[in-house]
Amino acid sequence: DGWRITEESPDTFKVDKDKGVIIVNGPRAHLFYDGPVGGAMFKNFEFKADVMTKPNSNSGMYIHTKWQPSGWPSAGYEIQVNNTYAKDPKKTASIYNQKNILEQLADDNEWFTQHIKVEGKTITVYVNGTEVNQWTEPDDQNKLTGGTVALQGHDPGSEVHYKNIKVRILP
């Protein structure tokens, strides 16, 4: 409840209600939060999830984005989820194409926590409680103006599981 799937590949997202897990596996698609918390419009906030990647899988957690029916989100930033996906050197916790992480920080087939904190124009990313990336948006980019969060389905060969998804609004 409270999520909206893009129109292009809605079957990419499945829910295992018994385990409380969102399973992402299939063609490109995105799952945008549009529920009641904060009216799905966040400026300063924390976005946290437990994540498990299968080998050679790619996904992402978007911030300050807006729902769109298809394509890669044009608003906001992607915080990468990629432990061993060989086609992209940008690894988990990268602020995609802004400040990339090139070393593997978590293992496939094991749960890890990715925690994103946005305050003003600064994005801080933590993996398993350790700060691993921080970046401040330059004044000329101006994408951190507010928006929702989303999960990414990247390609049919990628399988990523998400659970314990939380958003906390900050002052």
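The values are calculated or read from the model by the stated rules, or taken from the named source; none is laboratory data. All values derive from a computational prediction rather than experimental measurement. Cβ placement follows ideal geometry from the backbone for every residue including glycine, while neighbour counts extend to all protein chains displayed. Side chains included, ligands, DNA and RNA excluded: accessible areas come from the protein's heavy atoms. Shrake-Rupley method; radii C 1.70, N 1.55, O 1.52, S 1.80 Å.
Side notes on the structure shown:
- Among the residues of this structure, T84 does not count as one that is β-branched (V, I, T), at pLDDT 95 or above and in contact with a Leu (Cβ under 9 Å, 6 or more places away or on another chain).
- Condition met for Y126 (crowded, with 16+ Cβ neighbours inside 10 Å, in contact (Cβ under 8 Å) with a residue 40 or more places away in the chain and hydroxyl-bearing (S, T, Y)): no
- Under the condition of being open to solvent by less than 10 Å² (accessible area, probe 1.4 Å) and either acidic (D, E) or over 27 Å from E110 (Cβ atoms) (or both), the residues counted in the range 63-74 number 2.
- From the list S70, S74, the lone residue that is at pLDDT 95 or above, touching an Asp or Glu at 6+ places or on another chain (Cβ under 9 Å) and small (G, A, S) is S70.
- Look at the range 13-37: where a residue is over 14 Å from S70 (Cβ atoms) and hydroxyl-bearing (S, T, Y) and a partner is open to solvent by less than 40 Å² (accessible area, probe 1.4 Å) and in a strand (DSSP E or B), sitting 6+ places away or on another chain with Cβ atoms under 8 Å, you get Y33/T148; Y33/V149; Y33/A150.
- Within the range 75-110, considering residues that are of a type in the set (G, A, S) and under 14 Å from the mean Cα position of the chain (by Cα), the one most open to solvent (accessible area, probe 1.4 Å): A75
- Any hit, the range 8-26, residues being buried (at least 17 other Cβ atoms within 10 Å of the Cβ) and more than 16 Å from Y162 (Cβ to Cβ): no
- Flag if M41 is open to solvent by less than 30 Å² (accessible area, probe 1.4 Å) and among the hydrophobic types (A, V, I, L, M, F, W, C): no
- Any chance G60 is surrounded by fewer than 22 Cβ atoms within 10 Å (Cβ to Cβ) and either at pLDDT below 95 or of a type in the set (G, A, S) (or both): no
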